[in-house]
Amino acid sequence: MKLPRHVAIILDGNGRWAKAKGLPRSFGHQEGLKTLVELIKYTNSIGLEELSVFGFSTENWNRPKSEVNYIMGLVEKGYKNYQEKIKAIDLKIKVVGELEMLKPSLQKIAQEIEEATKDNKGMTLNVCFSYGGKQELVRAFKKLEGQEITIETIQNNLDIKTDVDLLIRTGGNQRISNFLIWQLAYAELYFTEVYFPDFKKEDFDQAIEYYNKQERRFGGLK
């Protein structure tokens, strides 16, 4: 089975997964983090070159403060709990988004993990956090001062420079929610009803099977 080069995933449904089980939304985020760690390990083990995950959007800052604070604390705690496991996987990790909106301790974690993994040879993992696709384009355009505006110069100034081959969204919603709007231009889109905490490697494999059945023409004819 042929793997896409770059897969992006919108990690949706944590809160609804918890609600369906009569649990607080915070428990869904906690289980979602565990699922994410297992997914990263699996995708790296099968030879995927690049994985981009949408963990927290710029619009998510509008959620109740208590939920936002919990997510931020969970990320900080999760890094401390999983940092040795993550380093052992040999990933090259990049954290992208409006990182200045994060508290200093989280900004420091982002810097530390990028520095610690920059020379690794395994899968590239883009963690999109406090991220918005429109905002990424604005950042790229601001870097273009004095340059000719072309597809190539814009793409070279993006946070994530490679095109996405396959987008997976869990949780049943069928939209891209301001995620990698430039990079998704010719991506295959795969939507599943499975809430992210229940998303297993078998579900990922089903998405890859779907991808392999598509005829990718990139606007041309075959």
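Give the number of residues within the stretch 34-54 that are in a helix (DSSP H, G or I) and either in contact with a Phe, Trp or Tyr (Cβ under 8 Å, 6 or more places away or on another chain) or within 22 Å of residue 175 (Cα to Cα) (or both).
Of the residues in the stretch 34-54, 6 are in a helix (DSSP H, G or I) and either in contact with a Phe, Trp or Tyr (Cβ under 8 Å, 6 or more places away or on another chain) or within 22 Å of residue 175 (Cα to Cα) (or both).
May I ask you to say which residue of 124, 153 is at pLDDT 95 or above, farther than 16 Å from residue 184 by Cα and surrounded by fewer than 16 Cβ atoms within 10 Å (Cβ to Cβ)?
One residue alone meets the criteria, 153.
Hey, any hits in the stretch 13-34 for a residue that's at pLDDT 95 or above, touching a Gly at 6+ places or on another chain (Cβ under 6 Å) and not small (Gly, Ala, Ser)?
Yes - at least one qualifying residue is present in the stretch 13-34.
Given the conditions (1) at pLDDT below 95; (2) polar (S, T, N, Q); (3) closer than 26 Å to residue 28 by Cα, and given that residue 147 satisfies all but one, which numbered condition is not satisfied?
So the condition that residue 147 fails would be (3).
Condition test on residue 190, is it touching a strand residue (DSSP E or B) at 6+ places or on another chain (Cβ under 9 Å), among the hydroxyl-bearing types (Ser, Thr, Tyr) and under 30 Å from residue 214 (Cα atoms)?
yes
Being of a type in the set (Phe, Trp, Tyr), touching a Cys at 6+ places or on another chain (Cβ under 9 Å), over 23 Å from residue 5 (Cα atoms) and in contact (Cβ under 8 Å) with a residue 12 or more places away in the chain: is that true of residue 141 here?
The answer is no for residue 141.
Select, from 59, 98, the only residue that is surrounded by 14 or more Cβ atoms within 10 Å (Cβ to Cβ), under 18 Å from the mean Cα position of the chain (by Cα) and more than 19 Å from residue 33 (Cα to Cα).
98
Assess whether residue 2 counts as being under 14 Å from the mean Cα position of the chain (by Cα), over 21 Å from residue 194 (Cβ atoms) and in contact (Cβ under 8 Å) with a residue 60 or more places away in the chain.
no
Which residue pairs have Cβ atoms closer than 8 Å, lie 6 or more positions apart in sequence or on different chains, and pair a first residue in the stretch 203-222 that is under 27 Å from residue 171 (Cβ atoms) with a second residue that is part of a helix (DSSP H, G or I) and modelled with pLDDT of 95 or more?
Matching pairs, first to second residue: 204/39; 204/42; 204/43.
Before we move on, is residue 198 among the acidic types (Asp, Glu), in contact (Cβ under 8 Å) with a residue 24 or more places away in the chain, within 21 Å of residue 18 (Cα to Cα) and surrounded by 13 or more Cβ atoms within 10 Å (Cβ to Cβ)?
Judged against the criteria, residue 198 is a match.
The values are calculated or read from the model by the stated rules, or taken from the named source; none is laboratory data. This structure is a prediction, so every number in the text was calculated from the model and none was measured. Reconstructed Cβ throughout: ideal geometry from the backbone, glycine too, with neighbour counts over all protein chains shown.
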